[in-house]
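The values are calculated or read from the model by the stated rules, or taken from the named source; none is laboratory data. This one's a predicted model, so the numbers in the text were calculated from it and none came from an experiment. Virtual Cβ from ideal backbone geometry, glycine too; neighbours counted across all protein chains shown.
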Amino acid sequence: MAERKSLIKIKPKRYKDGEIVKVSFMVMHPMDTGMGKDKKTKKIIPAKYINSVKFVYNGKEITHMNVWESLSVNPVFTIYMKVNGKGKLVVTYTDNTGEVHEKSKKIKPRG
Amino acid sequence: MQRRDFFKKLGTATAIAAVVPTMSFAAGDSKPTGPNKMDYQTALNAITGGKTPVKSDKVKLKTPEIAENGAVVPVTVTVDSPMTPSNYVKAIHILNGKNSNARCIDVFLTPANGKAMFSTRIKLGGTQNVTAVVELSDGTFLIASQSVKVTIGGCG
Amino acid sequence: MKTGIKIALSVAMLASLSFGGEQFAMSDADRAMYAEMSENNPADIMVADGEELLGYMGGDEGLAKYLGVSEDDLPTYIAGFPRYIKKFDMVVGIDQMIQAMMADGGHKPLKLKSGNMFSLLAYVKSIANGEKINIDVNANPQMKEAYALGEKTFMTKRGGRGLSCNSCHSPDVVGRVLRTQPLPDLGANGAKAAATWPAYRMTKSSLRTMQRRFQGCMKNALLKVIPIGSKEMVALEVYLTDKAKGSEISIPGLKR
């Protein structure tokens, strides 16, 4: 499978236990609708878009999403999350071609 | 390090994160699969189960009146909610009015979010409405809508 | 005769520009929404990629060593590019220094127009984030010459419509809107463009560098496209970087 890069950003960078932080998941993905044509070959580019995203924090699902092709290329998903102890946030997406990608970030509240 | 090795390294380094085992998804999760066609009214009914959503200023839909670029239209939905186990926002749905598939995304929240907000960027094929449908934990649906003008901007 | 037509065309083009505030101009609130998006710039992923790539060549430390400065001085030094480098007897951009570093390290250098090079350039320039652009176009005769060539490249009318960079980016057209976009004033001192490239271009869904943007602009205005890294292109970057002197570097930018 082709490389796929992603990033999880937490704002603010320093946070305390119990604080509500902004979490953004960014990923490089073509989000092809299946309706666009290749400019050179004139052939239709097959649909390839993220169809599901999950945010799991210390084993507990906090948010999941059903996604359709109308999201922008290289999409961004931003939610809030209440920090509840040290641990790990795991974001997973699948796309309509069966590609699965996982990205995780340590959650380290201070004070 | 030889030239070839350098490029091998470039290649492998970028491929590491790609493959992980498939996860099992919760039952009742209907994941979209192919190119889809769905008009706005059908999409709305599918979400609310035929209930009429109520216009509410508790739902703040933030999206530009004129989009700089139809391919990247920022959308942020914020809902005024305590997000407690007994009273929280269950889902935020974003719909478009005129793309061939009216559904953009369904976001299922939990009290663990702390605040009810979702932000993303969507594609709009032309000037149309963007709509946020919000489902509360008591089963009521709220709605907010805004028209977005899409123009062809600037050079290149 | 031919010149007559050319002039008529460029006048017609200018006439089709409308002033800001008219119907299709975006509101400040709309613009603010787009500005907010830079908080989550997709190009952040490419910058992280560039950092990883530089890692194979010794990272920041290796780069500082190659450039002959201390790691502490690296951000300030990067904020002064393009520079005259005696070793090559040329005025070069940082991307060319990265190429040279690859070659000297025994690697096949990446092409200047490759995606990996764009990522590397974006990362390396982002090392200077928060620094102010400190290019010195009077540092030596070579820089003076590059500045003059850059100005000439900016001002020379050429191509099918007889347009120069200055035709659309001079103080005369500031505030005018071309299809919802206010034309950025690149010709005046205080123009900040150079501080925000490389940037993510939403229209192209990819990371673009300043020289790559020049190429896109030239192509659309029917000017023959100048190659990235050529003497003229680097000179143009020198000229416009000088216009942004003193501006705080903030990479990656986010552009329409």
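Only helices (runs of 4 or more DSSP H) whose full extent lies in the range C:107-206 are considered here, and the ones with at least 2 residues that are among the small types (Gly, Ala, Ser) are C:115-126, C:141-155.
Scoring B:Ser81 on the criteria (1) assigned to a loop (DSSP other than H, G, I, E, B); (2) in contact (Cβ under 8 Å) with a residue 12 or more places away in the chain; (3) surrounded by fewer than 17 Cβ atoms within 10 Å (Cβ to Cβ) leaves a single failure, condition (3). Of everything listed in (1) within 12 Å of another protein chain (Cβ to nearest Cβ); (2) farther than 28 Å from C:Met202 by Cβ; (3) surrounded by fewer than 17 Cβ atoms within 10 Å (Cβ to Cβ); (4) among the hydroxyl-bearing types (Ser, Thr, Tyr), the single unmet condition for C:Ser70 is (1).
In this structure, C:Gly62 qualifies as surrounded by fewer than 20 Cβ atoms within 10 Å (Cβ to Cβ) and without any contact (Cβ under 8 Å) to a residue 40 or more places away in the chain.
Inside the range B:84-105, residues that are in a strand (DSSP E or B) and surrounded by fewer than 22 Cβ atoms within 10 Å (Cβ to Cβ) make up a count of 5.
Might you check whether a residue that is crowded, with 23+ Cβ neighbours inside 10 Å, over 16 Å from the mean Cα position of the chain (by Cα), aliphatic (A, V, I, L, M) and not in a loop (DSSP other than H, G, I, E, B) occurs anywhere in the range C:91-98? The answer is yes; a qualifying residue exists. Could we say that B:Lys115 is of a type in the set (Lys, Arg), more than 8 Å from every other protein chain (Cβ to nearest Cβ) and either within 23 Å of B:Thr42 (Cα to Cα) or touching a residue at least 12 places away in the same chain (Cβ under 8 Å) (or both) here? Judged against the criteria, B:Lys115 is not a match. When each of B:Gly114, B:Gly125, B:Gly97 is tested for being closer than 23 Å to C:Arg201 by Cα, among the small types (Gly, Ala, Ser) and touching a strand residue (DSSP E or B) at 6+ places or on another chain (Cβ under 9 Å), the lone residue that passes is B:Gly125. Out of the range A:65-111, which residues are of a type in the set (Lys, Arg) and under 20 Å from C:Asn41 (Cα atoms)? Residues satisfying the conditions are A:Lys103, A:Lys105.
The criterion of at least 2 residues that are under 30 Å from C:Arg256 (Cβ atoms) and of a type outside the set (A, V, I, L, M) is met by the following helices (runs of 4 or more DSSP H) wholly inside the range C:34-87: C:43-55. Please work out if B:Val134 is buried (at least 22 other Cβ atoms within 10 Å of the Cβ), within 30 Å of A:Asp17 (Cβ to Cβ) and free of Cβ contacts under 8 Å to residues at least 40 places away in the same chain. In short, no. Listed conditions (1) touching a strand residue (DSSP E or B) at 6+ places or on another chain (Cβ under 9 Å); (2) among the charged types (D, E, K, R); (3) within 14 Å of another protein chain (Cβ to nearest Cβ) are all met by C:Glu145, apart from (3). If we scan the range A:31-49, do we find a residue that is buried (at least 18 other Cβ atoms within 10 Å of the Cβ), within 7 Å of another protein chain (Cβ to nearest Cβ) and under 13 Å from the mean Cα position of the chain (by Cα)? The answer is no, given that none of the residues of the range A:31-49 is buried (at least 18 other Cβ atoms within 10 Å of the Cβ), within 7 Å of another protein chain (Cβ to nearest Cβ) and under 13 Å from the mean Cα position of the chain (by Cα). Filter the range C:223-255 down to the residues that are crowded, with 19+ Cβ neighbours inside 10 Å, in contact with a strand residue (DSSP E or B) (Cβ under 9 Å, 6 or more places away or on another chain) and closer than 20 Å to C:Ser167 by Cβ, then identify the one that is modelled with the lowest pLDDT. Only one residue tops the list, namely C:Leu223.
Evaluated against (1) within 17 Å of the chain's Cα centre (by Cα); (2) within 20 Å of C:Thr196 (Cα to Cα); (3) modelled with pLDDT under 95, C:Leu120 falls short on exactly one condition, (3).
So how many residues does the range A:86-104 have that are surrounded by fewer than 16 Cβ atoms within 10 Å (Cβ to Cβ) and basic (Lys, Arg)? Residues that pass the stated criteria total 2. Residue-level analysis places A:Lys88 outside the set of residues that are modelled with pLDDT of 95 or more and at the interface with chain B (Cβ under 10 Å from one of its Cβ atoms). Just to be sure before I move on: is C:Lys144 under 22 Å from C:Arg213 (Cα atoms), among the basic types (Lys, Arg) and at pLDDT 95 or above in the structure I sent? No, not satisfied.
With respect to the conditions (1) within 14 Å of chain C (Cβ to nearest Cβ); (2) in a strand (DSSP E or B); (3) among the hydrophobic types (A, V, I, L, M, F, W, C), B:Leu124 lacks only one, and its number is (2).
Note on the range B:134-156: residues that are among the aliphatic types (A, V, I, L, M) and either touching an Asp or Glu at 6+ places or on another chain (Cβ under 9 Å) or part of a helix (DSSP H, G or I) (or both) total 3.
Do the conditions hold for A:Met81, that is, is it at the interface with another protein chain (Cβ under 7 Å from one of its Cβ atoms), farther than 19 Å from C:Ala43 by Cβ and buried (at least 20 other Cβ atoms within 10 Å of the Cβ)? Yes; evaluated as a whole, the condition is true for this residue. Residue under question is B:Gly70, and the condition is that it be in contact with a Lys or Arg (Cβ under 8 Å, 6 or more places away or on another chain) and under 27 Å from C:Glu36 (Cβ atoms); does it hold? So B:Gly70 fits the description; yes. Filtering the range A:58-70 to residues that are at the interface with chain B (Cβ under 9 Å from one of its Cβ atoms) and either surrounded by fewer than 22 Cβ atoms within 10 Å (Cβ to Cβ) or under 12 Å from the mean Cα position of the chain (by Cα) (or both) leaves A:Lys60, A:Glu61, A:Thr63, A:His64, A:Met65, A:Asn66, A:Val67.
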